[in-house]
1. For residue 174, all conditions in the list (1) exposed (fewer than 12 other Cβ atoms within 10 Å of the Cβ); (2) in contact with a helix residue (DSSP H, G or I) (Cβ under 7 Å, 6 or more places away or on another chain); (3) not acidic (Asp, Glu) hold save one; what is the number of the exception?
2. Pairs needed: first member in the range 122-149, without any contact (Cβ under 8 Å) to a residue 12 or more places away in the chain; second member anywhere, in a loop (DSSP other than H, G, I, E, B) and away from the ligand (no atom under 14 Å from the Cβ); C-beta distance under 6 Å; at least 6 residues apart or different chains.
3. In contact (Cβ under 8 Å) with a residue 24 or more places away in the chain, surrounded by 20 or more Cβ atoms within 10 Å (Cβ to Cβ) and not assigned by TED's automatic domain parsing to the domain that holds residue 32: which single residue out of 196, 220, 214 fits that description?
4. Taking the condition at pLDDT 95 or above and within 21 Å of residue 120 (Cβ to Cβ), does residue 56 pass?
5. Can you name every residue in the range 208-218 that is within 12 Å of residue 131 (Cα to Cα) and either more than 8 Å from the ligand (Cβ to nearest atom) or small (Gly, Ala, Ser) (or both)?
6. If I filter the range 107-148 down to residues being closer than 19 Å to residue 58 by Cα and among the aromatic types (Phe, Trp, Tyr), which single residue comes out as farthest from the ligand (Cβ to nearest atom)?
Amino acid sequence: MSDNEHSNFEQTTQQKERPVESQKARLRIAVLVSGSGSNLQALIDAIESRELPGVEIALVVSNKANAMGLQRALTHKLPALYLPWGMDRLEVEAKLTPILQLFQIDLIVLAGWMRIFTPGFIAQYPQRIINLHPALLPDDGQGNIFTTSDGSTVPVFRGLHVIKKALDAGIKVTGSTVHYVTPEVDAGPVICREEVAIEEGDTEEALHERVKQVEHRLIVEAVRKITI
Ligand code: GRF
């Protein structure tokens, strides 16, 4: 056997001996983005630095062709898909569903995804779609009042522009929440959550930036919780 043949033989033997579990990720995730994708980056970094063993980003989807998130995916050689979001949600979802099946996706992570799925689509993935929301949501996702760690109460902000809503409300604490997606927008059971103090003179940009710093940890923590 030549040296080459020998090393090929060794490689093949090693591949055969490697347990099947270590070859296939236990959790294949699809990350859906609409913008900068800094939370996608946090997941990529965590996987690359082995903080999320067994987790693989099997697909990145963006509804915006020019989303920075798509570039991040391509830079890291991840399968990336631009899925234009037209007027008919059912039509787009009917395209997305077989793609998710093809890529054998176990968990869908909405990381800055700015589109709302139909209840029918969500029903296909019970407790398998999670969303990152830049505000505090109660444990069960329900209700309009949140009690913060210091015992004060703040309104629950759902939907768009929640950083601005928190600033406009003049409250002292906001935060971010990762929750399971249910048909009611931003109202699913919480996986993890962290508070962020609002500082005197905060601008929307400055506060959102601090919330994002927290989110980059939270999204990783949420995926880790789901794997164990
Ligand atoms: C995050 O603040 C997330 O909570 C919200 O959109 C933002 C996405 O940021 N839904 P990025 O695209 O991950 O940088």
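1. Here residue 174 meets the rest and fails (1).
2. 146/138; 146/156
3. Selected residue: 220, the only one of 196, 220, 214 that is in contact (Cβ under 8 Å) with a residue 24 or more places away in the chain, surrounded by 20 or more Cβ atoms within 10 Å (Cβ to Cβ) and not assigned by TED's automatic domain parsing to the domain that holds residue 32.
4. Values: at pLDDT 95 or above: yes; within 21 Å of residue 120 (Cβ to Cβ): no.
So residue 56 does not fit the description; no.
5. Matches in the range 208-218: 218 only.
6. 125
The values are calculated or read from the model by the stated rules, or taken from the named source; none is laboratory data. Source: prediction; values computed, not measured. When we count neighbours, we look across all protein chains shown, and the Cβ atoms used for this are built from the backbone with ideal geometry, even at glycine.
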